[in-house]
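The values are calculated or read from the model by the stated rules, or taken from the named source; none is laboratory data. Values in this document were obtained by computation on a predicted structure and should not be read as measured data. Positions of Cβ are backbone-derived with ideal geometry, glycine not excepted, and every protein chain shown enters the neighbour counts.
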Amino acid sequence: MMQTSKRHAAFYWIGFSVVMALLVAAPLVLPEFWRRFLTEVLIWGLLAMSSDLLIGYVGMVSFGHSVFFGLGAYGVAAALLTVRPPNLWLAVLYGLAFSAAAGLFVAYFSTRLRDIYFAITTLIFSQIFYVVVFTWTDVTGGENGLTFSRPQLGIPGVYTQPFTTETLHWFVLAMVAGSYLVLRRITQSPFGMVLQSIRENEARTRAIGYPVGRYKIVAVMLSGVFAGLAGVLYAIQKQFADPTLLYFLTSGEVVIFNVMGGIGTLVGPIVGAGFFLGMREAFGRLLGEQFPYLIPVGVIFILMVIFLPQGLLGFARRWLNR
Amino acid sequence: MPSSISTWGSSVVETVWSFLSGLPWDVIAIQTINGIVTGMILALVASGLTLIFGIMDVVNFAHGELFMLGAYIGVVVLAASGNFWVALVVAVLTVALIGAALQIATLRPLVGRDPLTTILATFGISLVLQNYALWHFGPVARKIQEPFTGQFALFYLQYPWYRLLIALLSAIIIGGLWAFLKYGTYGIWIRATTQDRVMAQAMGIPVPWVHTMVFAIGAGMAAASGVLFGPLVGVSHTMGLDWVLKAFIVVVVGGMGNLGGSIAAAIFISLLEAYASIFVSPAQAVIVSFVALILTLLFRPTGLFVPTPK
């Protein structure tokens, strides 16, 4: 027993290091377009991974992650447009605070409901925030959103340098890998065990004496904060924030990433994001930019829901969670 | 003394009177009618949604797209035939058939799985249909010509008769559905399946086909509302999104799977939004219905218009 778990840990960390090494080296060999593409996959993957904490481990399908994502991006905008000189870390902090506040608000109301009702409620919350951001033109810039320039990387006053495509990739990679390790630790902690027991049998978990409602609120908030981090990274990469980030179709895409990659694996959603965005590129080139890629991708998604409900990494689910 | 009381009383009456007469009553009356008209359309969309949910445990994300598809088929048939009523009937029948086909192809394999997977499948359908409409019909909104353009004077407005007709037709369709569920043989099959799927099957009711039929009926109702509503707004590939969200709010506020509750909630929500849009822009008036939803979730999560659960 001891032997196998040690061997598993060794294999796991070797695998982790190999993948990390590949991702670190990638921008040095890839052309400019694919460098940006890979960074984008990592950012969307982080968003999907945050949502996997709810879908895969607590069994709550959220259609509201666009709220946390979008508010994370608007938090960056707020910090970069109001505070002089612009500071990267303050922007990150603002983004996380915005999304955490939204997380608390959404969690407080939506966790009263379960299953489908939870999904619909979070969907409606994403629409609420979308309408607020869309119509509050004075503050949010309305439909046009806000644009800002990227802050410098480093510690202000000590050492700074402007972002390049490579350093941006490494910065994003560090954040995403860190988030993965933290989320993995959370799912393996006693807290995470309670979350998984809620997924397996909510009534029994409550009967044992765990305050299920409070656990769910904390889970939604945690998930929201990581989604907010993805929004922060997205804002830093794209240098704008607009209301479509909060639109519920964004949440829907996040759920698609999860299902394609495999829920309950944490890395699966990143693979799913890569698969989805890769298909978008492929169909865009095969069928022409005019043809909406979501038609074939939607069909593939429906087929995967029916025939491959575990997703691409579903086969490795037990191994990844050990 | 009595005189001072009476002056006090009369001053209260006067304040109330001046407040009431200060309100824009003509605007309120117009908005009431508007609210009821939109409410009836919304009830038509939501009752299809709630019927499908109540019977199959399927949250039909593609409902808005069936609404949109109905409107587009209405546009095409109207252009070909020139008759609004032919367009309405053809759109309803076509979308009902499409709905049946979609149900057989995508939802039937999911029977017995977690109800959440049906959300995913119907979300996929909605993406495909919406993008298909964008690709086939283009991003420019189309227009359906209303069947007649008569108007009547309502305060300072010339109010189109057509809007009242929409409300009436919606009421007739919903009434027809109700009568069908209550008295029709197949309606009784549907209700039996809702109450106990296994027992219904044991009694010889073909449950899978009941599901297909219900989905087709719901799809047809969505298409009918799409065609009826087409003349009021343009027909575009995104028109379903707003409606499905509103219908979801209605279904939650009215109590999931409860037909009467959904209809009441549809009118309630539409009236709220209509009154709110007197004071703020229509885009912000939507927030009122969100607030209604949040309050419902806080105080009566099972729905506003259902009896208190024991």
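Below are the figures for this structure:
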| quantity | calculated |
| --- | --- |
| Set A:96, A:104: member being surrounded by fewer than 17 Cβ atoms within 10 Å (Cβ to Cβ), closer than 16 Å to residue A:50 by Cα and either small (Gly, Ala, Ser) or at pLDDT 85 or above (or both) | A:104 |
| Subset of region B:93-141 [surrounded by 19 or more Cβ atoms within 10 Å (Cβ to Cβ), farther than 22 Å from residue A:305 by Cβ and not β-branched (Val, Ile, Thr)] | B:96 |
| Residue list for region A:248-267, filter: under 13 Å from residue B:116 (Cβ atoms), of a type in the set (A, V, I, L, M) and within 10 Å of another protein chain (Cβ to nearest Cβ) | A:255, A:259 |
| Near pairs, Cβ below 7 angstrom, 6+ apart or cross-chain, from region A:296-322 (facing chain B (nearest Cβ under 9 Å)) to any residue that is charged (D, E, K, R) | A:297/A:280 |
| The one condition in (1) of a type in the set (S, T, N, Q); (2) over 20 Å from residue B:91 (Cα atoms); (3) in contact with a Lys or Arg (Cβ under 9 Å, 6 or more places away or on another chain) that residue B:236 fails to fulfil | (2) |
| Test for residue B:152: is it closer than 18 Å to residue B:37 by Cα and either part of a helix (DSSP H, G or I) or among the hydrophobic types (A, V, I, L, M, F, W, C) (or both) | yes |
| Some residue of region A:137-152 being among the charged types (D, E, K, R), exposed (fewer than 14 other Cβ atoms within 10 Å of the Cβ) and without any contact (Cβ under 8 Å) to a residue 12 or more places away in the chain | yes |
| Answer residue from region B:246-260, given it is on the phi < 0 side of the Ramachandran plot and without any contact (Cβ under 8 Å) to a residue 60 or more places away in the chain and is farthest from the other protein chains (Cβ to nearest Cβ) among those | B:260 |
| Residue within region B:269-281 that is more than 27 Å from residue A:129 (Cβ to Cβ), more than 14 Å from chain A (Cβ to nearest Cβ) and at pLDDT 80 or above present | no |
| Matching residues in region A:174-191 - criterion: being of a type in the set (S, T, N, Q) and either within 19 Å of residue A:41 (Cα to Cα) or loosely packed, with under 12 Cβ neighbours inside 10 Å (or both) | A:179, A:189 |
| Check on residue A:250, among the polar types (S, T, N, Q), within 28 Å of residue A:141 (Cα to Cα), crowded, with 20+ Cβ neighbours inside 10 Å and modelled with pLDDT under 90 | yes |
| Residue match in region B:108-117 (condition: on the phi < 0 side of the Ramachandran plot, touching a Ser or Thr at 6+ places or on another chain (Cβ under 7 Å) and part of a helix (DSSP H, G or I)) | yes |
| Residues located in region A:22-38, provided they are touching a Pro at 6+ places or on another chain (Cβ under 8 Å) and closer than 20 Å to residue A:180 by Cβ | A:38 |
| Within region B:14-24, tally of residues that are assigned to a helix (DSSP H, G or I), of a type outside the set (Gly, Ala, Ser) and at pLDDT below 75 | 2 |
| Filter pass, residue A:67 being at pLDDT 90 or above and either not in a helix (DSSP H, G or I) or not charged (D, E, K, R) (or both) | yes |
| Candidates B:11, B:18, B:47, B:81 - the one that is buried (at least 24 other Cβ atoms within 10 Å of the Cβ), away from chain A (no Cβ under 14 Å) and hydroxyl-bearing (Ser, Thr, Tyr) | B:47 |
| Pairs, first surrounded by 18 or more Cβ atoms within 10 Å (Cβ to Cβ) in region B:22-40, second not in a helix (DSSP H, G or I), C-beta under 7 Å, six or more apart | B:30/B:154; B:30/B:155; B:30/B:157 |
| Restricting region A:38-89 to residues that are surrounded by 23 or more Cβ atoms within 10 Å (Cβ to Cβ) and among the aromatic types (Phe, Trp, Tyr), the residue that is nearest to the chain's Cα centre (by Cα) | A:44 |
| Region B:131-162: number of residues that are farther than 27 Å from residue B:238 by Cα and free of Cβ contacts under 8 Å to residues at least 12 places away in the same chain | 4 |
| Boolean, residue B:26 is more than 18 Å from the chain's Cα centre (by Cα), at positive phi and charged (D, E, K, R) | no |
| Extreme residue, farthest from the other protein chains (Cβ to nearest Cβ), among residues of region B:122-162 that are of a type in the set (D, E, K, R) and closer than 22 Å to residue B:241 by Cα | B:143 |
| Selection count where residues are in contact (Cβ under 8 Å) with a residue 12 or more places away in the chain and within 13 Å of chain B (Cβ to nearest Cβ), scope region A:280-295 | 3 |
| Selected residue (only one of B:86, B:76, B:92, B:140 is under 26 Å from residue A:292 (Cα atoms) and assigned to a helix (DSSP H, G or I)) | B:76 |
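Residues are listed down the side, and each one gets a yes or a no for (1) in a helix (DSSP H, G or I); (2) under 28 Å from residue A:267 (Cα atoms); (3) more than 14 Å from chain B (Cβ to nearest Cβ):
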{"residue": "A:93", "(1), (2), (3)": "yes, yes, yes"}
{"residue": "A:116", "(1), (2), (3)": "yes, yes, no"}
{"residue": "A:129", "(1), (2), (3)": "yes, no, no"}
{"residue": "A:132", "(1), (2), (3)": "yes, no, no"}
